[in-house]
Structure formats: C-alpha cells, structure tokens
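The values are calculated or read from the model by the stated rules, or taken from the named source; none is laboratory data. Since the structure is predicted, the reported quantities are computational estimates derived from the model, not experimental observations. We place every Cβ from the backbone using ideal geometry, glycine too, and count neighbours over all the protein chains shown.
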Protein chains: 2
Amino acid sequence: MERIDIPKKAIYRLSIYHRCLKRLVELGEETVSSSALAKAAGVKPAQLRKDLAYFGQFGTRGLGYPVEALAAMIRDVLGRERLQPVVLVGAGNLGSALLRYQGFQKEGFEVVAAFDADPEAAVSRGVQVPVFSEKEMEERLQADGVRLAILCVPGPIAQSLANRLVAAGVTGILNFSPVVLEVPEEVVVNNVDLALELEHLSFFVR
Amino acid sequence: MERIDIPKKAIYRLSIYHRCLKRLVELGEETVSSSALAKAAGVKPAQLRKDLAYFGQFGTRGLGYPVEALAAMIRDVLGRERLQPVVLVGAGNLGSALLRYQGFQKEGFEVVAAFDADPEAAVSRGVQVPVFSEKEMEERLQADGVRLAILCVPGPIAQSLANRLVAAGVTGILNFSPVVLEVPEEVVVNNVDLALELEHLSFFVR
DNA sequence: TAGTGTGAATATCTTCACAGCT
DNA sequence: AGCTGTGAAGATATTCACACTA
C-alpha cells in the first residue's frame, strides 16, 4: 500500500478540488493553474501542487493542469469511477432528511435502501428510497454487497448497529450518532457530530 | 491570547471528553483516570493528559481527575457556561431537519430563530422554532446580539448570505453548504460537508 | 502503587523557494 | 515568461517515557 504516507487531509482536499474542477468544466475551461484552483478551493498553491503530486504528474509547466483529465484522475483516486451503493440506517428526523437531501445524489452516490425499526413512519416522512425493517438489514446488505453505510440512530443503540453492519460486510461508516464507535481496524468510521461542531465554534466566538 | 498554541483538534477532543464526563456524572463516578477517560473518548491517555494540561492542572497523581470539576472547567473553556443563542438560515430539507433534531438542545444550544425565503413552507414541515422571512434577518440578529449561525442554504446563495450574517455581527458560522466561504479572518467558519464525508469514505473502502 | 504532568523524541503536515520544463 | 514538481525547512501535533507525588 503506497498511499500510506499521503496526508489524510489531502484526501478531503481532493474532493474539494474535484468540485471546483466540475465547475470549471461547466464553464468550458480547458486548463487551470495551481494558483487559480487553489484560490477557489481555499488553500495555498503549493499545497495543491503537493496534493496532486502524491498521485502523479498531471500538469504542464508554464501552462497548468488540464481540467477534464485532472477531474477524471481525482475520481479514479477516490474510487468514484464506478459508483458505490450506500445504505442509511435510522430513518428518524435526521436520517430521513438526509434521504430527501439531494446533496448525495448530486455527488453521484446512490442510497439504495434505508433501514429503520419503524419503516412505516419513515415512509410517511416523504422518503423516496425504499425503507425496510431493521431486521432485514443483514440479508439485504449481503445480497447487494454494500460497503458504505450512513448511521443516524440514537447514541445508545449506535454501537450495536455498527457491529451488525460490520458483520454484514460494511467497511465504511458515516456516523452521525454522538458516540465513539469501536470497530475493527479495517473499517473506517467518519464522524459527523453536529452538536460538537457547534460547541467547537462557541470556543472561538466568545 | 494565550490559547494561540493549543492544537485546534484539542478543542474538538475537549467536547468529546465533556460528553464522556457527563455520562460519568450520571453514573455517580467521582474520579476518573486518564486511561479510562481516554478509552471512552477513543484517544491515547497521553494525549488526553496533554490536552487537559493546556488549561491547567486538574488531576491528582495516583488518583485521577475529579469528574465534576473537570466537566465544569471544560464548559468554562468552551464558553458554554452561559449558553449561546444560535440562528439557522435556510430552513429547507436539511435545515428544517436540524431544527427538529434534538441534538443541539441536548447539548445546551438554543436555536432562537430561523430564516428562510419561504417561512410558511418551513413551518409546514413541523418546525417549532419561529421562522422569519429572510428579509428580517439583519434587524433580528442585531436585536438579539446573536453571534452563531447555522447556514443551510443552496451553494449558489451561500456566500451572499454569509456576507449578510457577518455584517450583522455573526462571528461563527456552521456551514452546511458545499461551498468554500470567504469571510474576514475574525470570523470562524466550520464546514460540515456531507457529500464530501461520503466521498472521503469511498477512498478508503474500495 | 497508581496515575498525573511534562520535556524530549517522533511523526505528520504545510510552506518555501527554486530548479527545470514548455 | 509562466507555472509545475519537489527537496528541504519549518510548523504542528502526537506519543513516549519517566520524574514526581498523593
């Protein structure tokens, strides 16, 4: 595994660059300089160049980077060339909002199914994605070979659902529950902790 | 400003420690060791001790940290002793879910008002918080002296609303829009970019 | 003995600055 | 002339390891 020494934050930035590049494609730009793209992404030019250099040489000295090709390479690096199916667990308030939220689809993720203890309730919230009983989770996950899950359940049950997801073959969890999940080390957990983000702001604001 | 050399991530961790401490308070624990608390928070003991040491000495050698007092000091450091009012801008799908979401209240934040171009629609989504027309934003912000805002509007209009928030005295923005906001340097922006988090996972999962 | 507080060592990440293409 | 690619320097953050103390 050669990507061992790529800064984790660089991966985040890659996503941001990709988004900026998509805008440039729409504008019909053919090339972009590191300084222009860096500005759009809110980073320093040198950092952008270094981030890209981890994956190869894509630019032309004196000219810049080819917009289209660079976007394609980032998609490739991020594993976004063929799109990953995703499931969502816990279609409560936040969960069902995420299901209606267009942001994931816009970035090319397909939420193929949702699971909840009370599927009826979720459906009544206007969710389009099929919502199944949480009991069917394992069989459906395995049938579809799903590896990415969004977890939006209350704190106290988050760990046990995470365990079940992992056992069913999920290796990436986007966790909205305000809980530190324990998972085997081959599983990646990404925490989005809304209250924590607000709290963090409040430190800088007073 | 002496907190200049405190790792930014340490502030995040402080919030996590605080959450764990609250649980310990409920359980009636009087003291906790760095290793126990670190385990609960998902960090190494040495890191926990270092994080706390930035703010003073709170532990007793051979014994551990007093749960209650430590929680109080963290609240103090995070500026959470008196609670900050927060507003939410953009009560669409995601925004109104956040308004119904109990997580903020549970952590002691009060969302005092929401603003949207179409307040009726938001109210019809079952939002309890008063929703005002986006036009009234400035006057109400200034009246209440609000300094924290949650921004959940579509990308294209995010920057202009951020500008208005800043002009009206907001100094901390929790930004859910998939856009890099430009703000004066005294303003802190905290980005929560849902699609980006998923994309990040997909890199590690393939 | 159990467990904090911390300097020093290490690891990680960012920025500089410039050689080298086009 | 303009802009990339990158080694080296600098800045930050984490971890170790142990002196110290209740």
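Looking at B:Pro119, is it of a type outside the set (Ser, Thr, Tyr), more than 21 Å from A:His200 (Cα to Cα) and touching a Phe, Trp or Tyr at 6+ places or on another chain (Cβ under 9 Å)? Explain how you work it out, then say what you get.
Working: of a type outside the set (Ser, Thr, Tyr): yes; more than 21 Å from A:His200 (Cα to Cα): yes; touching a Phe, Trp or Tyr at 6+ places or on another chain (Cβ under 9 Å): yes.
Yes; evaluated as a whole, the condition is true for this residue.
Within segment B:57-75, is even one residue within 12 Å of chain A (Cβ to nearest Cβ) and either more than 21 Å from the chain's Cα centre (by Cα) or assigned to a helix (DSSP H, G or I) (or both)? Don't jump to the end; show me each part of the working.
Within segment B:57-75, the first condition is being within 12 Å of chain A (Cβ to nearest Cβ), and the residues that meet it are B:74-75.
Retained after the next criterion (residues that are either more than 21 Å from the chain's Cα centre (by Cα) or assigned to a helix (DSSP H, G or I) (or both)): B:74-75.
The answer is yes, given that some residue of segment B:57-75 is within 12 Å of chain A (Cβ to nearest Cβ) and either more than 21 Å from the chain's Cα centre (by Cα) or assigned to a helix (DSSP H, G or I) (or both).
Yes or no: A:Tyr54 aromatic (Phe, Trp, Tyr) and away from chain B (no Cβ under 14 Å)? So that I can check it myself, show each step before the final result.
Numbers: aromatic (Phe, Trp, Tyr): yes; away from chain B (no Cβ under 14 Å): no.
No, not satisfied.
Of the conditions (1) in a loop (DSSP other than H, G, I, E, B); (2) surrounded by 21 or more Cβ atoms within 10 Å (Cβ to Cβ), B:Ile16 clears all except one; give me its number.
The single condition B:Ile16 does not satisfy is (1).
Would you call A:Ser133 surrounded by fewer than 19 Cβ atoms within 10 Å (Cβ to Cβ), under 30 Å from B:Gly108 (Cβ atoms) and over 18 Å from the mean Cα position of the chain (by Cα)? Working first, answer last.
Numbers: surrounded by fewer than 19 Cβ atoms within 10 Å (Cβ to Cβ): yes; under 30 Å from B:Gly108 (Cβ atoms): no; over 18 Å from the mean Cα position of the chain (by Cα): yes.
No.
Is it the case that segment B:79-100 has a residue that's acidic (Asp, Glu) and farther than 30 Å from B:Ala162 by Cβ? It would help to see each step written out before you state the result.
Step one: list which residues in segment B:79-100 are acidic (Asp, Glu), which gives B:81.
Checking which are farther than 30 Å from B:Ala162 by Cβ leaves us with none.
No; the residues of segment B:79-100 include none that is acidic (Asp, Glu) and farther than 30 Å from B:Ala162 by Cβ.
What are the pairs with Cβ atoms under 7 angstrom where one residue, in segment A:48-66, is within 14 Å of A:Thr31 (Cβ to Cβ) and the other, located anywhere, is in a strand (DSSP E or B) and β-branched (Val, Ile, Thr)? Sequence gap at least six, or different chains.
Every condition considered, the pairs that remain are A:Leu63/A:Thr31; A:Gly64/A:Thr31; A:Gly64/A:Val32; A:Tyr65/A:Thr31; A:Tyr65/A:Val32; A:Pro66/A:Thr31.
Could you look through segment B:122-153, keep only residues that are free of Cβ contacts under 8 Å to residues at least 24 places away in the same chain and hydrophobic (A, V, I, L, M, F, W, C), and pick out the one that is farthest from B:Val86 (Cα to Cα)?
Step one: list which residues in segment B:122-153 are free of Cβ contacts under 8 Å to residues at least 24 places away in the same chain, which gives B:123-124, B:130, B:132-133, B:135-136, B:139, B:143.
Then drop every residue that is not hydrophobic (A, V, I, L, M, F, W, C), which leaves B:123, B:132, B:143.
Details: B:Val123: 18, B:Phe132: 14, B:Ala143: 13 Å.
In this case the residue turns out to be B:Val123.
State the number of residues belonging to segment A:49-70 that are of a type in the set (Asp, Glu) and more than 10 Å from DNA strand C (Cβ to nearest atom). Before you say what the answer is, go through the steps one by one.
Within segment A:49-70, the subset of a type in the set (Asp, Glu) is A:51, A:68.
Now restrict to residues that are more than 10 Å from DNA strand C (Cβ to nearest atom): A:68.
Matching residues across segment A:49-70 total 1.
Return the pair list, or none, for Cβ contacts closer than 6 Å from residues in segment A:169-188 that are farther than 19 Å from B:Ala38 by Cα to residues that are part of a strand (DSSP E or B) and of a type in the set (Val, Ile, Thr), at least 6 apart or on different chains.
A:Gly172/A:Val188; A:Ile173/A:Val189; A:Leu174/A:Ile150; A:Asn175/A:Val189
From B:Val87, B:Val25, which residue is buried (at least 18 other Cβ atoms within 10 Å of the Cβ) and either over 22 Å from the mean Cα position of the chain (by Cα) or not polar (S, T, N, Q) (or both)? Full working, then the answer.
Details: B:Val25 fails: buried (at least 18 other Cβ atoms within 10 Å of the Cβ).
The conditions single out B:Val87.
For the list (1) surrounded by 15 or more Cβ atoms within 10 Å (Cβ to Cβ); (2) over 20 Å from A:Val179 (Cα atoms); (3) without any contact (Cβ under 8 Å) to a residue 40 or more places away in the chain; (4) not assigned by TED's automatic domain parsing to the domain that holds B:Phe176, I need the number of the one condition that B:Leu99 fails.
Condition (4) is where B:Leu99 drops out.
Please find, among B:Gly145, B:Gly155, B:Gly169, the residue that is within 13 Å of chain A (Cβ to nearest Cβ), out of contact with any helix residue (DSSP H, G or I) (no Cβ under 8 Å at 6 or more places or on another chain) and more than 25 Å from A:Arg13 (Cβ to Cβ). Outline the logic, then answer.
On the way: B:Gly155 fails: more than 25 Å from A:Arg13 (Cβ to Cβ); B:Gly169 fails: out of contact with any helix residue (DSSP H, G or I) (no Cβ under 8 Å at 6 or more places or on another chain).
The conditions single out B:Gly145.
When only residues in segment B:181-200 that are at the interface with chain A (Cβ under 7 Å from one of its Cβ atoms) and out of contact with any Lys or Arg (no Cβ under 9 Å at 6 or more places or on another chain) count, which is surrounded by the most Cβ atoms within 10 Å (Cβ to Cβ)? Walk me through how you get there before you give the answer.
The first filter runs over segment B:181-200 and keeps only residues at the interface with chain A (Cβ under 7 Å from one of its Cβ atoms), leaving B:188, B:190, B:192, B:194-200.
Pick out the ones that are also out of contact with any Lys or Arg (no Cβ under 9 Å at 6 or more places or on another chain) and you get B:188, B:190, B:192, B:194, B:197-198.
Values: B:Val188: 17, B:Asn190: 17, B:Val192: 20, B:Leu194: 20, B:Glu197: 19, B:Leu198: 25.
Here the answer is B:Leu198.
Only one residue in B:Ala10, B:Ala38, B:Ala46 is modelled with pLDDT of 95 or more, within 16 Å of DNA strand C (Cβ to nearest atom), within 11 Å of chain A (Cβ to nearest Cβ) and over 30 Å from B:Ser177 (Cα atoms). Which one? Let's see the steps before the verdict.
On the way: B:Ala10 fails: over 30 Å from B:Ser177 (Cα atoms); B:Ala46 fails: within 11 Å of chain A (Cβ to nearest Cβ).
It is B:Ala38.
Residues in segment A:79-86: is at least one assigned to a helix (DSSP H, G or I) and touching a residue at least 12 places away in the same chain (Cβ under 8 Å)? Reasoning before the result, please.
Start the filter on segment A:79-86 by keeping residues that are assigned to a helix (DSSP H, G or I), which leaves none.
Scanning segment A:79-86, I find no residue that is assigned to a helix (DSSP H, G or I) and touching a residue at least 12 places away in the same chain (Cβ under 8 Å), so the answer is no.
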